[in-house]
């Protein structure tokens, strides 16, 4: 039985998908079926799993998806040419290029080639700029947007809260900071962004009302780093050795869950916390892109 302070990301993601069902049905009544293209380069095992989960979620909601798998040796020019074709395909309302991409392909160039109106991942410079300006007409990155939804739907007070974000990555840390410090609804927090050069991370974490762990360091956040009642959102996904597992490894987050959970007011499990929300927000962005294309 799940402890009462553990936030069930799967249940909240399912709630969002139920809400989207009516919007998808309305689009179909108006002659539009939301369409999403996935692009994967190479055979990275994690990328294959992630895209597979997203394909399944699309099918369950009634979004048509198509997946383009390119060889590991694909050149940047070839990938950009494919994105150009997808940009001009009317029935595709969203495009997701699965990261990481093999070198020497530059992710920044690839993300900037996707049309902002089809950038359901929220990585195009136009959408990043809108996020920084507090302009809600752009698409927000799915993982940090999912964290905000988890906080709001779990009844967590964001306005006025002391928030510490661990990790300054472009996918979670930086956009998460921008979202929570905006002047507006479900924001207005005081945000501290900690990273590898931060002095005394523990001191920052000890005063936090909310901690978002997105450093990519297995079980970094320990029990002595948090205060009683803290809300902890664990974004990390790390593979560590595990002799008891058939594969010899297991997945853990950036939080020492077993020891932090008894102290926390609310905490996300890993898996089953932030991950399902990332997919739910991707679906939400895709439905919105279809609605906007319809005018």
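Coordinate-derived values only; no laboratory data. These numbers were taken from a predicted model, which means no experiment stands behind them. Ideal geometry is used to build each Cβ from the backbone, glycine not excepted, and the neighbour counts take in all protein chains shown.
Note on residue 80 and residue 157: with the Förster distance fixed at 51 Å, the Cβ-Cβ geometry gives a FRET efficiency of about 0.70. Helix 45-61 axis versus longest C-alpha principal axis of the chain: approximately 70°, rounded to the nearest ten.
All Cα-Cα separations within the range 82-174 were binned at 5 Å from zero, giving a P(r) of 3, 12, 19, 22, 19, 12, 7, 4, 2, 0, each value a whole percent of the pairs.
Before anything else, pin down the relative contact order of the range 33-115: Cα pairs under 8 Å, at least 6 apart, normalised by residue count, whole percent.
Numbers: 109 pairs, mean separation 36.2, N = 83.
Relative contact order, the range 33-115: 44 percent.
Cβ-Cβ distance of residue 223 and residue 64, R₀ of 41 Å, FRET efficiency by 1/(1 + (r/R0)^6): the value works out to about 0.30. Separation of the range 220-252 and the range 9-59, taken as the distance between their Cα centroids, equals 27 angstrom. Of interest is the spacing of the C-alpha centroids, which for the range 270-295 and the range 170-197 amounts to 20 Å. Seen against the Cα atoms of the chain and their longest principal axis, helix 274-294 is set at about 30 degrees.
For a modelled paramagnetic label at residue 108, 7 Å from Cα along Cα-to-Cβ, no residue of the range 124-141 is in reach, as no backbone nitrogen comes under 11 Å.
For the chain, what is the percent of antiparallel DSSP beta bridges, rounded to the nearest 5? Walk me through the intermediate numbers first.
Values: 4 of 32 bridges.
Of all bridge pairs located within the chain, approximately 10 percent are antiparallel.
Given (1) 16.1; (2) 15.2; (3) 17.7, which label gives mean projected area of the Cα convex hull in nm² as computed from the coordinates? So the structure-derived entry is (1).
May I ask you to derive the relative contact order of the chain, considering only C-alpha pairs under 8 Å and at least 6 residues apart, and to give it as an integer percent? Reported as a whole number, the value is 21 percent. Extending 7 Å from Cα along the Cβ direction at residue 206 and again at residue 99 yields two label points whose distance is 3.4 nm. Each label point was placed 7 Å from the Cα along the Cα-to-Cβ direction; for residue 170 and residue 72 their separation is 2.4 nm. Each listed q (0.11, 0.16, 0.21, 0.26 Å⁻¹) maps to a log10 I(q)/I(0) for the range 33-115, found by the Debye formula over equal Cα scatterers with no solvent: -0.27, -0.58, -0.98, -1.35.
What angle do you read, to the nearest 10 degrees and between 0 and 90, between the alpha-carbon axis of helix 76-87 and the longest principal axis of the chain? Helix 76-87 and the main axis of the chain meet at about 70 degrees. The label-point distance for residue 190 and residue 135, in a model that sets each label 7 Å from Cα toward Cβ, rounds to 3.1 nm.
At a Förster distance of 30 Å, what's the computed FRET efficiency of residue 87 paired with residue 19, Cβ-Cβ distance as r, to 0.05?
With R0 = 30 Å, the Cβ-Cβ based efficiency is 0.60.
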